[in-house]
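The values are calculated or read from the model by the stated rules, or taken from the named source; none is laboratory data. Model, not experiment: these values are computed from the prediction. Positions of Cβ are generated from backbone atoms using ideal geometry, with glycine treated the same way; all protein chains shown enter the neighbour counts. Side chains are part of the model used for accessible areas, which takes the heavy atoms of the whole protein and leaves out ligands, DNA and RNA. Shrake-Rupley method; radii C 1.70, N 1.55, O 1.52, S 1.80 Å.
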Amino acid sequence: MEHTYQYAWIIPLLPLPVTMSIGFGLLLIPTATKNIRRMWSFPSVLLLSIAMIFSANLAFQQINGSFIYQYLWSWTINNDFSLEFGYFIDPLTSIMLILITTVGILVLIYSDNYMSHDQGYLRFFAYMSFFNASMLGLVTSSNLIQIYIFWELVGMCSYLLIGFWFTRPSAASACQKAFVTNRVGDFGLLLGILGFYWMTGSFEFRDLFETFNKLNNQGNSLFPTLCAFLLFLGAIAKSAQFPLHVWLPDAMEGPTPISALIHAATMVAAGIFLVARLLPLFTGIPYIMNIISLIGVITLLLGATLALAQRDIKRSLAYSTMSQLGYIMLALGLGSYRAALFHLITHAYSKALLFLGSGSIIHSMEPLVGYSPDKSQNMVLMGGLTRYIPITRTTFLLGTLSLCGIPPLACFWSKDEILSESWLYSPTFAVIAYFTAGLTAFYMFRVYLLTFEGNLHVQFQNYSATQNISSYSISLWGKEAPKPGNSVFSTMNNNNENENILFFFKNTYEFDQNVINQMRYFTTPFLKKKTSMYPHESDNTMLFPLLVLVVFTLFVGFIGIPLVQGEIDLNLLSKWLAPSKNLLHPNSEDSIDFYEFFTNASFSVSIALFGIFVASIFYGSPYSSFQNLDLINSFVKIGPKTKRIFLDKITNVIYNWSYNRGYIDFFYTKVVIQSIRELAKLTDFFDRYIIDGITNSVGVISFFGGEAIKYLVAGGRISSYLFFYLSFILIFIYFLFLSL
Amino acid sequence: MSYFPWLTLIVVFPIFAGSFIFFLPHRGNKVVRWYTMGICLLELLIMTYVFCYHFQLDDPLIQFEDDFKWINVFDFHWRLGIDGLSIGPILLTGFITTLATLAAWPVTRDSRLFHFLMLAMYSGQIGLFSSRDLLLFFMMWELELIPVYLLLSMWGGKKRLYSATKFILYTAGGSIFLLIGVLGMGLYGSNEPTLNFETLTNQSYPLALEILLYFGFLIAFAVKSPIIPLHTWLPDTHGEAHYSTCMLLAGILLKMGAYGLIRINMEFLSHAHSIFSPWLVIVGTIQIIYAASTSLGQRNLKKRIAYSSVSHMGFTIIGIGSLTNTGLNGAILQLLSHGFIGAALFFLGGTSCDRIRLVYLDEMGGISIPMPKIFTMFSSFSMASLALPGMSGFVAESIVFFGIVTSQKYLLMTKILITFVMAIGIILTPIYLLSMSRQMFYGYKLFNLSNSFFVDSGPRELFVSICIFLPVIAIGIYPDLVISLSVDKVQAILSNYYYR
């Protein structure tokens, strides 16, 4: 069965023909290509399915008798510098291959319907196929240079796809922001690669690890740590970890299938992949492992707090992605390779499900509220969608529960594993991780409840229009997006800024009176304006991927369940990862105490349930069976009035923090962007007035000198010319004699 | 192989055939255009034929040597010959000039003179790259200036006279130093002037004189290359010139400086070069950052692209200064790669500027919908320019990086510092390139002008940009195509440094 290994190079190349043919078709014969536009989705799905079959075959072989396979070709021949190109297949690669191809196929099927009315349908499929190709190339790369190449290519695909709707100024600045932020990571990655090349003389993983471990025996020094940190910087940017996470929420400007595929399941996992791939290198440097786990903890907490009060459904999912990636990074920092990969898999399926579900919601909301993203993705305007889109609702609920960590859904198993690992490592990290698990449950249910429970709030769209996204999402590196003026409501907005931020709160408090009013004028104005009054369920082509992902979310957790029941070894993942595990922990036992597992699990589940409970108190609808009025009233009336004001203040602070994205974007705009602009101005000034000024002034002085001589000195008389000539000669001769 | 002066034919043919343009019947511009196009194509065909069939890649020595005695008194020969170093620039010249002629299709004003000047430049450039005699090198260098000056001052933009004067003064000022260097080098040592490259290679000078000569040549080449702080003619010139002239300027003219630096400074003055090379590396590093950040502050589209080419030439200088095989190969590759990318960016920028009749970036916007093809090509080339893997810029820049890292001349700390600063350039490059393409294409804007100007690029323009795009991709995917041309010669040059 080694044949599959031999032909594995074909996997990354498979999706390429679609990109190339669409690209040339659009450039050379645009009309003909556009006429058969819907046909193009078929070959892209087909080719990716072939890639999936290949990778499934590889994965089965890895599970049965796993060994590492590598094949190389030389790329550039030079006397002292040779570069090799090849592919490298080990358990990590095969896991990533399966993940990318399955999610990729589902997203392609989904986007055939989602993008069907878009002008750029073909462009979209070309980009998508190219992305798939380069992502598959990234995970099969055999050396660091190849990783860097595909790393940049996926970054470019992400740039193109974020800026897919390029007429939107916000998308234009978002894609540039994403690219430049990722370039900061690439900067680190490149320097790290060069540093390790200098130290070990190799780019190839296994040589690199061997040589490095030999070199590193004498202990830690600064230079390897620095290089390892620089490598990790690449992963920070790509996986949206703490200081460089700013691009991910803005990346939601892209079409929703992209957010599902690139910004939730695959490309952001590339950073995780890199760290996992280089883990043998990093484990040799304890300091860097601490940094990795620290960054992971900061990110998971930050992401969760920022997700608390987002209005935009995709943005809050994006922050949730960031937080979950923080969990994975934490697990890697703790050295538990298996838990990290397990959570990577489960999170990818659950988050893809959630994003595709949100796409379905947006699709159903768009005819009602308009196609602007700050309307169709605004959760203020949603609510009560359960009645209209029941299938999406069920799938979304399952995804939410999975992400909250409710058994037996996928994320429960993996998250629980990370949480218990972190408890062994450091209690502080564990407390933060457990706390964030509660926060996760809270914000995920907030999203769910605001979207599906209660009533449809379409009539609020005027309120939301006043606070245009551009006013608080600072458009980096660019001009300010033009604010659509809404004279009537903008004054109202200015008066009660605070109330606007606390919009959801007020809303829920005064719900009981509002409901009746709203229902009354609900029917009349909207019947005239809109063709359809209620949201509609999406087409089957969109629901099918959702259902498949539900199946994954339900059952993918079972591959890694640590319980061994009798003789049937259920723990597929451990078997899969066997060789890499041996590489990392030569003698670690897999025995897990049932009792310990149970206590851990019950603890984390109870925290998640508490989060859900709090969310339902705040955001639950009056009609939900969960909530009776006593509960809310008792909660509200618990303390005296002073205490309530205090509580309000706290919530205010939290909401402001989350709303302004933790003031980090603000900081970057003020400091980084501004300083770069100042530098540009300074160098431009220097260039124009000093360097060029010298040149120009030489020109001007010589011009005036010539004029001066013409008018003042000579006056056109030959005798005076002669006089000057002779006198200068005399002076010259004088000096000549003097020197002799 | 029967002897035939192929190189003489290649050098003389364009200007000779071009001078017949003035005798063509007055039947509109069409005849002139097609005639020029035919000459360019024929020249390119001869070149490829000759290089395909008669050039041995594995031979680092000079090939196709033509040697005719010209002026007896001071032993001045018409001496031509090419080796692995010059074959790349010559082929680039043929390719870019042909495409620039095609790009200059809309030029109607005084088209006879325009096309003649293009052909004259063609001859001059090939002559420069293939000359094996120091004085001939200087003559070709000067021959180059006049067509550029005329092209600039007659077909340029509003401030064309200022730019043209600045260009001619700057480069003529540089040429003085070149002349000093040529004469100093030729007249040193023996009573007979030695101008032959081959004898000069083995000549050694006292160190002070060598440094002096090196410095003279360096100034001349620094103006052309350009190396900061002698670069300010370039943005002005590129900002004003017609885009086909810009293609020639960015694609070929800038390469003359770096070519001269390798050919004369590295080959003949190796002692001085090993003294000066750290300075070259430092200047190159500063240049990358400096030009990139200056580019960010430009409002004018063409000036922004011009500064980007200044920034990219910094990599070439670092590669030349790194004194490694890898670095020098990277420098040569960067020359060629920037020749393609820079020319294409100027072409696309120029055509879109002409269409919307704006040059300032902050006034543009939203032209991606009327011109999707220009948008596609422009984004592809800006990706190539910011060193996206799979395109030539990435290979060249990364090879320069490896060159500087593996260089044994520099200490660890300096290497770390230099690499670090170079890598900051990697962050700055996308900022200016992407914000340029964002300001030009992204967003939405209603134009007050009538729609007739907003045609997308036609087949001719598409052909030009795709023609340039193909080699960019090809070099990016398989860099050995170009590296194999120069690798032996590079080793021969650098062996001087190792064995002394």
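Residue count for segment A:156-169 satisfying the condition of being part of a helix (DSSP H, G or I) and at the interface with chain B (Cβ under 10 Å from one of its Cβ atoms): 4. Of the residues contained in segment A:14-32, none is found to be closer than 20 Å to A:Asn113 by Cβ, out of contact with any Phe, Trp or Tyr (no Cβ under 9 Å at 6 or more places or on another chain) and of a type outside the set (Gly, Ala, Ser).
Within segment A:724-736, can one find any residue that is modelled with pLDDT under 85 and either in contact with a strand residue (DSSP E or B) (Cβ under 8 Å, 6 or more places away or on another chain) or outside any helix (DSSP H, G or I) (or both)? No; the residues of segment A:724-736 include none that is modelled with pLDDT under 85 and either in contact with a strand residue (DSSP E or B) (Cβ under 8 Å, 6 or more places away or on another chain) or outside any helix (DSSP H, G or I) (or both). From the list A:Pro91, A:Pro30, A:Pro15, the lone residue that is under 27 Å from the mean Cα position of the chain (by Cα), at pLDDT below 85 and farther than 24 Å from A:Leu547 by Cα is A:Pro91. If you check B:Gly88, B:Gly81 for being open to solvent by less than 30 Å² (accessible area, probe 1.4 Å) and in a strand (DSSP E or B), only one passes: B:Gly81. The listed residues are B:Phe23, B:Phe68, B:Phe64, and the only one of them that is surrounded by fewer than 13 Cβ atoms within 10 Å (Cβ to Cβ) and touching a Phe, Trp or Tyr at 6+ places or on another chain (Cβ under 7 Å) turns out to be B:Phe68. Within segment B:188-209, being out of contact with any helix residue (DSSP H, G or I) (no Cβ under 7 Å at 6 or more places or on another chain) and within 17 Å of B:Asn72 (Cβ to Cβ) holds for B:Ser190, B:Asn191, B:Glu192, B:Asn196. When A:Met267 is tested against (1) within 14 Å of chain B (Cβ to nearest Cβ); (2) of a type outside the set (S, T, N, Q); (3) not in a helix (DSSP H, G or I), only condition (1) is not met.
Checking the stated criteria, B:Leu434 turns out to be within 11 Å of chain A (Cβ to nearest Cβ) and either in contact with a strand residue (DSSP E or B) (Cβ under 7 Å, 6 or more places away or on another chain) or modelled with pLDDT of 85 or more (or both). The number of residues in segment B:297-332 that are within 12 Å of chain A (Cβ to nearest Cβ), small (Gly, Ala, Ser), over 16 Å from the mean Cα position of the chain (by Cα) and part of a helix (DSSP H, G or I) comes to 1. Residues in segment A:330-379 that are in contact (Cβ under 8 Å) with a residue 60 or more places away in the chain, open to solvent by 10 Å² or more (accessible area, probe 1.4 Å) and charged (D, E, K, R) were compared, and the one that is nearest to A:Ala433 (Cα to Cα) is A:Arg338. Take the conditions of a type in the set (D, E, K, R), open to solvent by less than 30 Å² (accessible area, probe 1.4 Å) and modelled with pLDDT of 85 or more and apply them to B:Lys159. Does it pass? In short, no. The numbered conditions (1) more than 30 Å from B:Gly365 (Cβ to Cβ); (2) modelled with pLDDT of 90 or more are all true for B:Asn325 except (2). Scanning segment B:376-394 for residues that are part of a helix (DSSP H, G or I), facing another protein chain (nearest Cβ under 8 Å) and hydrophobic (A, V, I, L, M, F, W, C) turns up B:Met383, B:Phe394.
On the given criteria, is B:Leu361 within 12 Å of chain A (Cβ to nearest Cβ) and in contact with a strand residue (DSSP E or B) (Cβ under 8 Å, 6 or more places away or on another chain)? Yes, satisfied. Taking the criterion of being open to solvent by 40 Å² or more (accessible area, probe 1.4 Å) and part of a helix (DSSP H, G or I), the residues of segment B:173-193 that qualify are B:Ile176, B:Phe177, B:Leu179, B:Ile180, B:Leu183, B:Leu187. Applying the condition of being open to solvent by 10 Å² or more (accessible area, probe 1.4 Å) and in contact (Cβ under 8 Å) with a residue 40 or more places away in the chain to segment B:476-488 and asking which residue is nearest to B:Asp59 (Cα to Cα) yields B:Asp488.
Every residue, every condition in (1) modelled with pLDDT under 90; (2) open to solvent by 40 Å² or more (accessible area, probe 1.4 Å); (3) in a helix (DSSP H, G or I); (4) farther than 23 Å from A:Ser134 by Cβ, yes or no:
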residue	(1), (2), (3), (4)
B:Val405	yes, no, yes, yes
B:Thr414	yes, yes, yes, yes
B:Ile426	yes, no, yes, no
B:Lys445	yes, yes, no, yes
B:Asn448	yes, yes, no, yes
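Of all residues in segment A:673-731, those satisfying the criterion of being within 11 Å of chain B (Cβ to nearest Cβ) and β-branched (Val, Ile, Thr) are A:Ile673, A:Ile676, A:Thr683, A:Ile690, A:Ile691, A:Ile694, A:Thr695, A:Val698. Please enumerate the residues belonging to segment A:3-16 that are without any contact (Cβ under 8 Å) to a residue 60 or more places away in the chain, open to solvent by 20 Å² or more (accessible area, probe 1.4 Å) and not aliphatic (A, V, I, L, M). Of everything in segment A:3-16, those that are without any contact (Cβ under 8 Å) to a residue 60 or more places away in the chain, open to solvent by 20 Å² or more (accessible area, probe 1.4 Å) and not aliphatic (A, V, I, L, M) turn out to be A:His3, A:Tyr7.
Filtered by the rule that a residue be exposed (fewer than 14 other Cβ atoms within 10 Å of the Cβ) and not in a loop (DSSP other than H, G, I, E, B), segment B:489-500 gives B:Ser495, B:Tyr498, B:Tyr499.
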